[in-house]
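Since the structure comes first, as structure tokens, the remarks are kept for the end.
Only the coordinates and a few stated rules stand behind these numbers; no lab work does. Model, not experiment: these values are computed from the prediction. Cβ sites come from the backbone with ideal geometry, for glycine too, and all protein chains shown count toward neighbours.
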Amino acid sequence: MQGLTKATYGFHRLDSLARGNTAIHKMDPMTKTITTLIYVVIVVSFGRYDLSGLMPFVFYPVILMVISETPLKPLLTRMAIALPFCIFAGAANLIFDKETAFFIGSTSVSFGMISFFSIILKTILTVTAVLILAATTPMAQISKQFVRLKVPSLIVLLFSMIYRYINTALEETISMYTAYRLRAPGEKAVKMKDMGAFTGQLFLRSADRSERIYAAMKCRGFSGDYDHIRSGNVPRGEWLYIFILTASLLVLRFFNLSVFIGGVLS
Amino acid sequence: MIKIKNLTVKYPDGTEALRSLDINVNEGESIALMGANGAGKSSLLLAITGIAPYTEGEIYVDDILLSKKTVADVRQRVGIIFQDPDDQLFMPSVFDDVAFGPRNKGLNEKETVRVAESALEELKISHLSSRVPGKLSGGEKKLAALAGVLAMDPSNLLFDEPAAFLDPRAKRRLVSLVRNLGHTKIIATHDSDIARQLCSRVIILKKGSLSYDGTPDILDDLSALEKHGL
Amino acid sequence: MHMADALVSPAVGVTMAAVSVGAIAYSVVKMKKEEDFDEKKIPLMAVSGAFVFAAQMINFTIPGTGSSGHIGGGILLAALLGPYPALLTISAVLLIQCLFFADGGLLALGCNIFNMGIIPCLFAYPLIFKPIAGKVLSNGRIMAASVFAVVIGLQAGAFGVVLETSASSVTALPFGTFLLLMQPIHLAIGIVEGIVTGMVLVFVRSMRPEILKSSAEKKSLGGVSIKKTIIVFSAAALLIAGILSIFASSFPDGLEWAMEKTAGTAELANNGAFKDVAGSLQGQTAFMPDYDSGAAGIVGGLITVALTGISGAIIYLFKRKKACKA
């Protein structure tokens, strides 16, 4: 059940990070989302054996993390979530792709090893890119951006409210679990036969809460739609940033910098 | 100003939460609504906002009779502050939460910002504006919830157990801030300190009916309180 | 079952995103059109989303195995809220998990919404859960409906993962092997999860019958003949389940391993059974693209990484100096 406590802290941590005041934080959330998406798409567009082409892409997360003062620790915890399945998929390559691609010194490097490391690197790069987005953009701004993208107000409201109530739900779960543990000291988790009542009770508490939330919303003039959040446009200077960044990513995508540097040296 | 005439609230299963209740709350008056658990305090508060479906009687808010037609108007005039502020801080930041009401009213963004900021300023919590409601302290949550209600600019305020879960310091702060609000107030509470400090008049409900309506002096008379079910 | 960005190609990611956006838009329209749509449902959906998020983290012990499981929530939400609200809620939860917890990637979001939202809410629930549960709810029917709907929904979802990963061609794992690894594992998970889902619904029904009643009484989704679909679906499901369970019983280690894997706890073991199966199928891989950059590319790549690290450090020191001055 450590996961529950960890999740509440993780949430809180990202939220306080997002309230920072660096150049990246000040950037329009739309700029950040567009660049993050472009970056992720270009990174995953690399072929499975193109490890060397991928390596220069490390520059984006490293520079951004330093500028935005995003610490390394939340990144590592997130990596622990994303990596296992990727390692699983990558490990298969180690097993099935044993043919030697080339030698570094006298060690043979197989195609499987290359594609294994390229999956791992892709995971690290994409997870970091999304982390930087989340750690530099407060939630309220993310929802504003959805409004700009013409996402229906129902979904924006739903997204914001779920985000808002996750902590409350986690806290309720933790206190119920503590009460459960006190009466079932030998158990390392909830017994399966108790899950119906445990989870069901949690849901009923949520349902009761939703009645009160609804009353509070009604009292403040809620009428089913909430399309009143407004937001400005992406500043002109930031379009330039998007353009330059995209251009350099595209250059790196089609010009293999690693091979070039490796070639110059050898 | 709130006038309640012969109000009976019945729940779908037939139990009567309130029985032929008559209460007048004058403009600017602050009354403490007391009574044992289940006496009908919450039902009364919800009935005034048109949320509990009441079956008989009349409720007037600022001389407007509460009905299906007027319910939206009435809700703009009545602000309710729930016992658990988590139930009414439903937006991802304090500012957005306070701005929820004004935005629903159709104010433009500039007006919304002005109204929300002045509500936060009034309660001296402007510094919480960009915070996530879930992570505030109990006292801060309470004030943020109150700011959201004040931003609607209601003339009447209903509090359900305002000091619940607050530490002594947060409670003192809340009391001094609430005392300075000029609204008509109904404060449902079990806390006789709160009743004494904020209210000039005490109403006690017993099993859904009016049992006492008078000065707060009764709070010192334990045998009288006992008689009213407290 | 959350897919990461590194496992999808841009084409697969974008296609699935388009499919998911379509399904979400359709659900918004459908939900608002429903005769009894009540804006009261919005806060209920929101807290239910938060509830599912927390509920997914509750570990429970599975009797007789020593391992632990957790619930997914697609069918659970569909039964509690109705299929369209459930899909919207799950999509929002998946977006939050992706942004704030690295559980599933941004580009892979469409895949994840499809596998874990659209399949259970818009297919498994109306086509399997509802016909079995019927209009007159009984505890037995709810249990049966939950187990079948979750198992089949999860099988289809796992199949989706295999399909999307293979179509992205990031792994050399042959399609068949991948399938044989994923399906039996998710059969076991599905049975457990289905039972728990049923238990939760039975409990909610015993406390508040009206919650389940209102979604049960809704008309089923029009168009398809539900009976026919059910027969075809059940026959196919039984067949797959039968074959896979034979496979699963001869493959207990892999099952155990992957169950822990999905709970995100165990390390990637050099599992014997996995290697055996993998090794025996190794001959099937023949695909080998041109690759000419060789060692020089890797060395050059390492140099770029080092250069990036150095420039990062310089910016860091520069910023610190500035902060000290200020």
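List of remarks:
- Against chain A, whose longest principal axis comes from its Cα atoms, helix A:111-136 is set at around 40 degrees.
- Taking C:PHE100, C:PHE159 and counting other C-beta atoms within 10 Å, the order from fewest to most: C:PHE159, C:PHE100
- All Cα-Cα distances of segment A:201-266, cut into 10 Å bins from zero to the largest, leave 15, 18, 15, 12, 18, 13, 8, 1 percent in each bin in turn.
- This model, with +1 at the C-beta of Lys and Arg and -1 at the C-beta of Asp and Glu, gives segment B:2-227 a dipole about its Cα centre of some 200 debye.
- Relative contact order [Cα under 8 Å, 6+ residues apart], segment C:70-183, whole percent: 23 percent
- For segment C:10-50, a Kirkwood hydrodynamic radius built from all Cα pairs, placed in the Stokes-Einstein relation at 25 °C and 0.890 mPa s, yields a translational diffusion coefficient of 205 µm²/s.
- Angle in degrees between helix A:59-68 and the longest Cα principal axis of chain A, rounded to the nearest 10: 40 degrees
- In this structure the amide hydrogen of B:LEU205, modeled in the peptide plane, comes within under 5 Å of the amide hydrogens of B:MET34, B:GLY35, B:SER211, none closer than 5 places in sequence on its chain.
- The eigenvalues of the Cα gyration tensor, multiplied by 5 and square-rooted, give segment A:146-219 an equivalent ellipsoid with semi-axes of 33, 14, 10 Å from largest to smallest.
- Contact order relative to length of chain B, as percent, for alpha carbon pairs under 8 angstrom and 6 or more apart: 28 percent
- Peptide B:97-103 - average C-beta neighbours from other chains (10 Å radius): 5
- Taking other C-beta atoms within 10 angstrom as a stand-in for reagent exposure, C:PHE178, C:PHE129 fall in the order C:PHE178, C:PHE129, fewest first.
- Ranking of B:TYR212, A:TYR214, C:TYR316 by neighbouring Cβ atoms within 10 Å, starting from the fewest: C:TYR316, B:TYR212, A:TYR214.
- Just so you know, the averaged projected area of the alpha carbon convex hull for segment B:2-227 sits at 12.4 nm².
- Å³ per residue enclosed by the Cα convex hull of segment A:1-112: 147 Å³
- Averaged over the residues of peptide B:149-155, the number of Cβ atoms from other protein chains lying within 10 Å of each residue's Cβ is 1.
- In order along segment C:189-197, the phi-based Karplus estimate (6.51 cos²θ - 1.76 cosθ + 1.60, θ = phi - 60°) of 3J(HN,Hα) comes to 4, x, 4, 4, 5, x, 5, 5, 4 Hz; Gly and Pro are listed as x.
- A viscosity of 0.890 mPa s and a temperature of 25 °C, combined with the Kirkwood radius over Cα pairs in Stokes-Einstein, give a translational diffusion coefficient for segment C:1-148 of 151 µm²/s.
- Helix B:94-105 vs. chain B, principal-axis angle (Cα, 0 to 90°, nearest 10): 70 degrees
- Per residue, the convex hull spanned by the Cα atoms of the protein assembly as shown measures out at 182 cubic angstrom.
- Taking the square roots of five times each eigenvalue of the Cα gyration tensor of chain A, the equivalent ellipsoid has semi-axes of 41, 29, 15 Å, listed largest first.
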